[in-house]
Structures are given as C-alpha cells and as structure tokens.
Number of protein chains: 2
Amino acid sequence: MKNKLYFNANNTKEEQRAFEAIVKEQETVGYYALPNQDVSPILEYCNTISQDVTTIAVIGIGGSSLGAKAVYEFMKPVKELSRKLYFFESTDPINITDLLSKFDVKTTHFLVISKSGSTVETFSIYKYIYSLQSDPSAYTFITDPGSPLEKYAQSIKASVLHLPDNVGGRFSVLSSVGLVPLALCGIDIISLLAGAKKIKSSFFDNGYTQDMLLNKAVYYAKNHAQYNINCIFAYSETLKYFCQWYVQLWGESLGKHQRHSAFHVGLTPIGLIGPKDQHSFLQLIMEGTRDKSVTFIKIEDFHEDIVIPDITLPHLEMLDTLNNLPFSKLINMQCDSVVEALLDQESIPLDTITLQSVTEDNIGSLIFYYELLTSLVGELIDVNTYDQPGVEAGKIILKKKLG
Amino acid sequence: MKNKLYFNANNTKEEQRAFEAIVKEQETVGYYALPNQDVSPILEYCNTISQDVTTIAVIGIGGSSLGAKAVYEFMKPVKELSRKLYFFESTDPINITDLLSKFDVKTTHFLVISKSGSTVETFSIYKYIYSLQSDPSAYTFITDPGSPLEKYAQSIKASVLHLPDNVGGRFSVLSSVGLVPLALCGIDIISLLAGAKKIKSSFFDNGYTQDMLLNKAVYYAKNHAQYNINCIFAYSETLKYFCQWYVQLWGESLGKHQRHSAFHVGLTPIGLIGPKDQHSFLQLIMEGTRDKSVTFIKIEDFHEDIVIPDITLPHLEMLDTLNNLPFSKLINMQCDSVVEALLDQESIPLDTITLQSVTEDNIGSLIFYYELLTSLVGELIDVNTYDQPGVEAGKIILKKKLG
C-alpha cells in the first residue's frame with residue numbers, strides 16, 4: 001500500500017502530541033492489539049462447523065456486520081470461496097423475506113453478533129429465524145463475556161464466542177466479529193491480519209506510514225471547520241462496502257461533543273466509487289463549495305483483467321484510441337485524469353492511496369490505516385473516539401413506544 | 001405521498017420568485033413535460049423484443065443507469081418481474097467479468113444508452129460485449145437524434161430510440177432512458193408516470209406539494225452556508241438505489257459556480273438507510289457539527305409483512321415487548337423514535353416524507369418531487385441546474401493520455 005499526499009500540515013508539534021497520545025491509548029483501547037493476536041482458536045472453532053453447511057448468515061447490525069461485509073465483498077469476485085455469506089442487518093420485512101429466499105435455512109449456520117446482547121434489530125430478526133430453525137447447533141453467538149445473550153446461549157446449549165476486551169463494534173472487524181464469518185467462508189484471515197500488522201509496525205516503529213498518517217490527521221483536524229466533508233473516491237466496485245465500513249468508522253467516531261467544550265464537531269464521511277461517480281458527485285467536488293477533502297484509492301493489479309477489443313465502429317472512429325487497452329489500465333487512467341484535473345483547482349486537499357492487488361493482505365492494511373487515522377483525528381479534534389452516546393436517545397424513545 | 005416539515009422558511013417573496021422562475025423554465029427545460037407523455041410508442045417497441053429474451057442489460061453510466069436502477073430495485077422485491085435487469089456502469093474489469101457470469105449473453109437484449117454518443121465507459125464496455133455478441137438485433141441504442149452513435153446504429157441496422165429534447169441525463173428517468181428498460185422488465189410505466197403527474201399537478205396547480213416544496217427549497221437555499229449537507233434517511237432497503245439517484249441529481253445539479261458571481265456553491269447529498277444507519281451515521285447527525293438537514297422517508301404499507309414470533313428467550317425476557325409486532329410496524333417505530341430524538345435537539349432541520357406503499361405510482365411521485373426540489377434550489381442559489389462543466393477537464397486529460 002502506497003500513500004501520496006498533495007498537502008502538508010506543517011505542524012510537527014501537533015503531530016508529536018497526537019503520536020504520543022496514540023502510543024498511550026494502546027494501554028486502554030483494544031483494537032491496536034488485534035493484528036498480533038493468535039487466530040488458532042478461531043480457526044479451530046471454524047473447523048468444527050460441518051462441511052454440509054454451505055451458507056453463513058450473520059445476524060448483526062452496524063459494527064457487527066459492516067467490517068466482515070467489506071472484506072467479503074472485496075474478495076468475493078476474485079476468490080473461489082468455500083461458502084456464501086449473507087447479512088441480516090435490517091428490520092425491513094421485504095429485505096428479510098428477500099434474503100431468506102436466497103438460501104436454504106437447513107444448510108446454513110447463523111452467527112448472531114451483538115456486543116451488548118440486546119440489540120433490537122438483531123433479536124427481532126433472530127426470533128423470526130429461530131421460528132424457522134430451532135436447532136441450537138445451527139447458531140453461534142458472539143457477544144461480551146457475561147452478557148444476557150451469553151447466558152441465553154448457554155441455556156440452549158449453543159456455542160458462544162467472546163469479543164476481546166475494549167474493542168468497540170466499529171473497530172471490531174479484526175476480532176472474532178469479523179474473523180469468524182470470514183474464515184468460515186474461506187477468506188485467509190492470517191493474511192488479513194498480516195496486512196494490518198504491516199501498517200501497525202510502519203506507524204509505531206517510525207516507518208513511512210507514520211509520516212503520512214500524522215501529516216494527514218493534523219491537516220484534517222486543523223482545517224476541519226472549512227473541510228467538514230471527507231470523501232473516499234475508490235476506483236473499483238470491490239471497494240463499495242469498504243466505503244460503507246469507513247462511513248460508520250469515521251462518522252460515529254468523530255461526530256461528537258468535544259471533551260473540553262460544549263461544541264458540536266465532526267467530519268462527514270462520504271464513499272464514492274469511480275468511474276461511476278465521475279458521472280455523479282465529481283461535478284460537486286470540482287465546482288462546488290470548497291468543503292471537501294478527497295482520498296483517491298486505486299488498485300494496481302486487478303488479477304482478472306480483460307482487454308478492449310481492436311474493433312472500429314463506423315462513425316465512432318474517435319473511440320479507436322481505446323482499442324487494445326486493458327480495462328485495468330483504463331480505470332486507472334480515469335482515476336489519474338480526475339486527480340490531475342482536481343490538482344489544477346485551488347483549495348481541494350487531495351491524497352492518493354494505491355493498493356497493489358485485490359488480496360486479504362491489502363484490505364487488512366487499508367482497514368488498519370483508516371482505524372489509525374480515525375483515532376488520530378479523534379484525539380486532535382478533542383472527542384472521545386470510542387463512544388456513541390448520541391444513539392441512546394432514540395433507543396429510549398423506542399423502548400417507551402414498545403411499552 | 002405525504003410531506004411534513006419541522007421548519008419554516010417564512011419568505012413568501014422568495015417562494016413566489018422561485019415559483020415563477022420554474023413556471024417559466026417549463027418552456028425550455030424538457031423534463032417537466034415527461035409525466036404527460038404518450039408512452040404507447042415505447043410499449044409498442046418493447047413488444048417487438050422476443051419473448052426468448054430473459055435478461056435486459058443496460059450499458060450506460062450516471063444519468064443513463066441510475067434512474068432505471070432506482071425504480072427496478074425498489075419494485076424487484078415485491079413484484080413478479082418478467083425479465084432480469086443488469087447494469088454495466090463501470091470499467092472495473094472484475095465487475096464486468098462478474099456481471100457477465102450472472103446471465104446468458106445469448107438470451108439477453110442490450111440497451112446501449114449514451115446521450116452524447118461518445119461516453120468512454122459505455123463504449124469500452126460495448127466493444128467488449130460486442131466481441132461476445134455481434135448480432136445487431138441483440139442491441140437497442142438510445143441517444144440524441146443525429147449523434148454519431150445513431151449513425152453507427154443505422155450502419156449496422158440496429159434499432160435506435162431517441163431521448164426527448166432538452167432532457168439532461170440526471171433528469172431522464174421518466175424518458176425512454178428509464179422507461180424502456182423498466183417496461184421491458186414488466187414495471188408498470190403508466191403508473192410510474194401517473195405518480196409523477198400527481199406531484200406535478202399538485203405543484204403547478206396550487207396544491208399541497210407547492211407549499212411544501214417552495215418552503216423547503218427557500219429554507220435550504222437561504223441556509224445553505226450553514227447547512228451544506230442534505231441527508232435522506234430512508235427506512236427501507238428498497239430505497240437504497242433511489243438514494244444513489246438522488247445523490248447524482250442533487251450533487252451534479254447544485255455543485256457549481258454561481259451564475260452571477262465567482263463563488264463556488266453546492267449542497268452535498270447523502271443517502272442513508274434505516275435502521276442500519278442508526279448504527280453508523282446517526283451519531284454524527286445527533287452530536288456532530290450542525291451542518292446537516294435530514295429528510296426521513298417512511299413506507300406505510302410493506303405488502304409482504306412478517307411478524308416477530310411470540311417467543312420468550314431465557315435471560316432475554318426484556319425483549320418480549322417485541323413479540324407479535326409486525327416488522328413493518330417496528331421499522332416505522334424506529335424511524336419515529338429517531339425523528340423524536342432529533343426534534344429534541346437544536347438546529348437540525350428535519351422533514352418527513354411518507355410513501356403509502358411500494359408501488360410504481362409512489363416511486364414516480366418521489367422522483368418528480370425531488371426533481372422539482374432540485375430545480376427550485378438551483379434557481380434560488382443562482383446556478384445553472386442543468387449543465388455539468390466541471391466534469392470536462394478530466395475527460396480532456398484522459399483523451400490526451402489515450403493519445
């Protein structure tokens with residue numbers, strides 16, 4: 001993974017302060033340790049699931065689904081996977097019925113994932129699916145130790161796995177929450193963690209990533225009143241769900257009251273996919289209000305490349321310049337052209353990230369890069385990156401309505 | 001369709017000015033007339049496509065695909081459709097290969113849609129697919145009259161349909177661009193237009209929609225420096241692609257240099273899906289910077305409803321309040337709870353839109369409502385709503401790179 005910034009925060013003091021805070025945070029925040037974990041218990045557990053199981057279905061929402069979905073959808077088009085993976089993330093009845101029509105409940109293993117063990121969406125859906133499949137061996141529950149959900153699971157003699165300590169939902173993709181569904185589908189979780197570990201080392205051990213991340217975080221924090229919108233513009237459809245994961249990570253971590261003031265702060269995340277969104281959002285970046293920073297993500301090697309055939313279409317000869325061009329080259333030329341066009345404009349902070357290929361290792365790196373960036377920006381704009389008190393009010397009102 | 005605003009612009013003079021401008025715009029801007037068009041030529045054309053064709057594939061990008069996709073994905077889970085519909089919208093080689101693996105090229109009819117007739121993405125993909133299927137009768141081309149693409153289509157004796165005059169891509173869903181693929185799949189395009197016509201009448205003939213739209217447009221325009229982000233929060237997975245259509249419509253229409261100044265302006269669109277994004281973006285709305293307005297969209301009647309079973313889970317008895325609740329009721333209670341929680345906050349402008357059910361008529365209304373809102377806001381913030389000059393620079397650079 002490469003990263004090139006076209007801006008410079010020029011503030012080594014703030015960089016130093018942020019770095020020290022993150023080094024210290026490792027003592028209390030759990031996600032930093034995940035790349036170094038021993039995954040053999042997870043792999044052993046996965047081996048106990050019968051080979052007759054052809055489908056894995058995650059019942060979980062937000063942090064319990066977005067991470068695994070990002071990695072699965074990134075790898076699915078390029079890798080022969082051993083099982084299909086579905087996600088029940090909505091109480092929309094049309095969506096539940098539609099999903100259930102796509103696979104056979106009898107050959108499916110369900111992963112019920114809820115940190116607190118009382119998420120309304122997850123348990124509404126679980127109750128419904130339980131009415132269709134009441135065999136406890138068809139379920140694994142992933143939750144915090146001692147939660148009511150763990151007690152329930154034990155009472156029906158179903159399997160329970162734990163979340164590691166102090167790992168919040170949106171930082172949990174590299175824990176059991178993400179690794180179990182992914183490993184069950186044949187994703188190489190050892191490579192995934194190896195990719196994350198590379199970024200971790202490069203950040204903490206004074207490597208290349210440290211410069212990039214500190215500079216970028218300080219720039220975003222320092223200018224957050226002007227640039228209140230941060231876009232990822234990823235040039236591959238495989239990164240669509242990564243963008244959704246990023247939106248949760250960024251938005252829920254950084255949209256807060258400041259710790260030492262009464263101010264509302266927050267940077268708004270937007271996920272875009274190129275070249276499609278050149279025909280949608282690009283106009284707004286190019287000519288709209290100067291309130292956006294943009295990170296372009298490119299993939300160097302697309303594995304399954306195809307080539308534009310050497311065909312001349314009468315009256316459309318001007319398109320012959322496309323002939324014999326591999327699509328992978330075209331899509332990256334499109335990205336480069338948009339970057340160049342934006343660099344000609346004033347006041348649009350840009351950077352580019354290049355992934356070498358569509359592998360577990362690369363997506364693991366990208367995930368950990370964004371987790372570190374989020375922690376750094378949260379520290380710099382003075383918020384608690386790891387809580388989400390703003391979602392409680394709606395839950396309390398719903399509870400009252402339910403009576 | 002119902003719409004309730006929790007804010008008030010209180011500016012009848014600006015409302016009047018915007019209304020008059022839009023009434024006048026009907027003389028030159030084509031989309032306003034689309035709800036009143038005679039669709040019999042489109043339906044007749046669709047009847048000429050063989051019953052052996054089981055799949056329709058659109059080769060088009062941006063305005064050539066997003067509208068049809070929004071309507072198709074809205075209706076697909078609730079309606080028995082006659083054919084499947086796929087969209088080739090990316091030059092990502094993994095995506096092209098993946099899509100082609102999902103259907104049989106031999107029983108597919110391809111709709112090649114390009115207004116200008118020279119879109120790089122569309123023709124790269126077309127050339128590739130043409131190398132797999134060279135029978136001209138497998139293609140219909142939709143383009144502007146007299147374009148090089150029309151001449152090409154005529155030279156190979158393939159069918160050509162035209163876009164109506166003065167209808168830009170992002171306003172074209174109710175023209176041949178959207179109606180042909182939708183009708184070919186069994187979507188009731190007459191109802192779709194009837195829904196649009198209801199909103200049109202209600203707006204231009206002094207109805208209920210006029211008050212709502214004018215008030216809302218003036219509020220958004222007047223406060224656009226503070227509220228530079230406009231969110232749709234739709235409580236149904238069926239509206240996912242509607243949100244993408246809205247993002248293009250809003251972003252590309254409103255992100256501009258002002259007509260009478262050198263200022264960059266623009267309102268940033270964001271599409272959210274509930275309840276999923278309660279576990280992602282809601283925290284940022286609730287506690288983050290006060291830079292967002294939010295429109296909640298609810299569906300009253302979900303057709304295929306299912307009920308949470310009357311099951312008590314040991315240790316999870318607190319969840320028994322969910323028992324016997326239809327999911328449709330739960331999802332709407334979730335929406336109402338979040339709206340109430342946000343109304344308790346200061347400085348978050350909210351409104352709610354309620355669709356009665358998942359029908360062509362309802363999505364037609366919603367589409368036309370948003371088109372009118374976009375035109376009104378564009379007029380009020382002093383931009384040319386219908387051009388997109390900012391996307392040209394990247395195209396010119398790409399052309400140079402291609403040599």
**OP:** With r as the distance between the Cβ atoms of residue A:116 and residue B:204 and R0 = 51 Å, compute the FRET efficiency 1/(1 + (r/R0)^6) and round to 0.05.
**Re:** 0.50
Original post:
In which sequence would B:333, B:286 go, from the one with the fewest C-beta neighbours within 10 Å to the one with the most?
Top reply: B:333, B:286
Original post:
If we hang a label 7 Å off Cα along the beta carbon direction at residue A:400, how far is it from the matching labels on the other copies, in nm, shortest first?
Top reply: 6.1
Original post:
When each copy gets a label point 7 Å from Cα toward the beta-carbon at residue B:305, what are the spacings between them in nm, shortest first?
Top reply: 5.5
Original post:
Between copies, how far does the label point of residue A:223 sit from its twins, in nm, shortest first, when each point is 7 Å from Cα along Cα→Cβ?
Top reply: 2.8
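To the nearest 0.05, how large is the calculated FRET efficiency for residue A:261 and residue B:82 if R₀ is 60 Å and r is the Cβ-Cβ distance?
Details: r = 59 Å, r/R0 = 0.99.
Result of the calculation: an efficiency of 0.50.
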**OP:** Return the long-range amide H neighbours of residue A:296 (sequence gap of 5 or more, or a different chain), with a cut-off of under 5 Å between placed amide H atoms.
**Re:** A:233, A:351, A:352, A:353
Original post:
Considering amide H positions built from the backbone, and no H for Pro or chain starts, which residues 5 or more places from residue B:86, or on another chain, come under 5 Å of its amide H?
Top reply: B:56, B:57, B:58
**OP:** Give the order of B:276, A:151, B:102 when sorted by the count of other beta carbons within 10 angstrom, beginning with the fewest.
**Re:** B:102, A:151, B:276
Subject >> Spacing of the two label points (7 Å from each Cα toward its C-beta) at residue A:131 and residue B:387, in nm >> reply: 5.8 nm
Original post:
Exactly which chymotrypsin sites (Phe, Trp or Tyr not before Pro) in segment A:224-319 are in a DSSP loop and have at most 16 other Cβ atoms within 10 Å?
Top reply: A:263
Subject >> Cross-link partners of residue A:197 among lysines (Cα-Cα below 16 Å; sequence separation of 8 or more within a chain) >> reply: A:2
Original post:
Near the amide H of residue A:307, under 5 Å away, which other amide H atoms are found, from residues 5 or more places off or on another chain, if H is placed in the peptide plane?
Top reply: A:327
**OP:** In whole Hz, with x marking every Gly and Pro, tabulate ³J(HN,Hα) for segment B:154-163 from phi via Karplus 6.51 cos²θ - 1.76 cosθ + 1.60, θ = phi - 60°.
**Re:** 5, 5, 9, 6, 9, 6, 10, 10, 9, 7
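Let's see if you can work this out: charge +1 on each Lys and Arg Cβ, -1 on each Asp and Glu Cβ, no other charges. What is the dipole magnitude of the protein assembly as shown about its Cα centre, in debye to the nearest 20? All intermediate terms of the calculation are to be shown ahead of the outcome.
Working: 68 positive and 92 negative charges, 62 e Å.
In total the dipole reaches around 300 debye.
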Original post:
Hey, what number do you get for chain A at 222 nm if only DSSP H runs of n ≥ 4 count, each worth -39500 (n - 2.57), divided across all residues, to the nearest 500?
Top reply: -13000 deg cm²/dmol
Subject >> Residues listed by number, segment B:218-251, amide nitrogen under 12 Å from residue B:304 label point at 7 Å toward C-beta >> reply: B:238
Original post:
In a GNM of chain B with a 10 Å cut-off on Cα contacts, which of B:315, B:224, B:260 has the highest mean-square fluctuation?
Top reply: B:315
Subject >> Simple label model, 7 Å out from Cα along Cβ direction - residue B:2 to residue A:225, nm >> reply: 4.3 nm
**OP:** Evaluate the Kirkwood expression for the hydrodynamic radius of the protein assembly as shown, namely the inverse of the mean inverse distance over all pairs of different C-alpha atoms, and round to one decimal in Å.
**Re:** 27.2 Å
**OP:** Any aspartates and glutamates with Cα under 16 Å of the residue B:151 Cα? List them, leaving off those in the same chain fewer than 8 positions away.
**Re:** A:317
Original post:
What relative contact order, as a whole-number percentage, does chain A give when Cα pairs under 8 Å and 6 or more residues apart are counted?
Top reply: 22 percent
Subject >> Of the GluC sites (Glu not before Pro) in segment A:1-40, those whose Cβ has at most 15 other Cβ within 10 Å and which sit in DSSP loop >> reply: A:27
Original post:
Under a straight-distance cross-link criterion of Cα-Cα below 12 Å, which aspartates and glutamates are reachable from residue B:157, leaving out those fewer than 8 residues away in the same chain?
Top reply: B:135
Subject >> Summed side-chain charge close to residue B:313 - residues other than residue B:313 whose Cβ falls under 13 Å, Lys, Arg +1, Asp, Glu -1 >> reply: -2
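Note down the net charge around residue A:5, summing +1 for each Lys or Arg and -1 for each Asp or Glu among other residues with Cβ under 12 Å from its Cβ.
Around residue A:5, the charge tally is +1.
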Original post:
Roughly how crowded by other chains is peptide A:320-329, in terms of the mean Cβ count from those chains within 10 Å of each of its Cβ atoms?
Top reply: 4
Subject >> Ranked list, fewest to most other Cβ atoms within 10 Å of each Cβ, for B:12, A:209, A:54 >> reply: B:12, A:54, A:209
Original post:
So which of A:200/A:292; B:102/B:399; B:276/B:329 end up more than 24 Å apart by C-alpha?
Top reply: A:200/A:292; B:102/B:399
**OP:** Calculate the mean, over all residues of peptide B:266-274, of how many other protein chain Cβ atoms lie within 10 angstrom of the residue's Cβ.
**Re:** 5
Subject >> Label-point separation in nm, residue A:43 to residue B:165, each point 7 Å along Cα→Cβ >> reply: 7.0 nm
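Bear in mind that the values in this text are calculations on the coordinates, not laboratory data. Only a predicted model underlies this, so the values are computations on that prediction, with no experimental measurement involved. Positions of Cβ are backbone-derived with ideal geometry, glycine not excepted, and every protein chain shown enters the neighbour counts.
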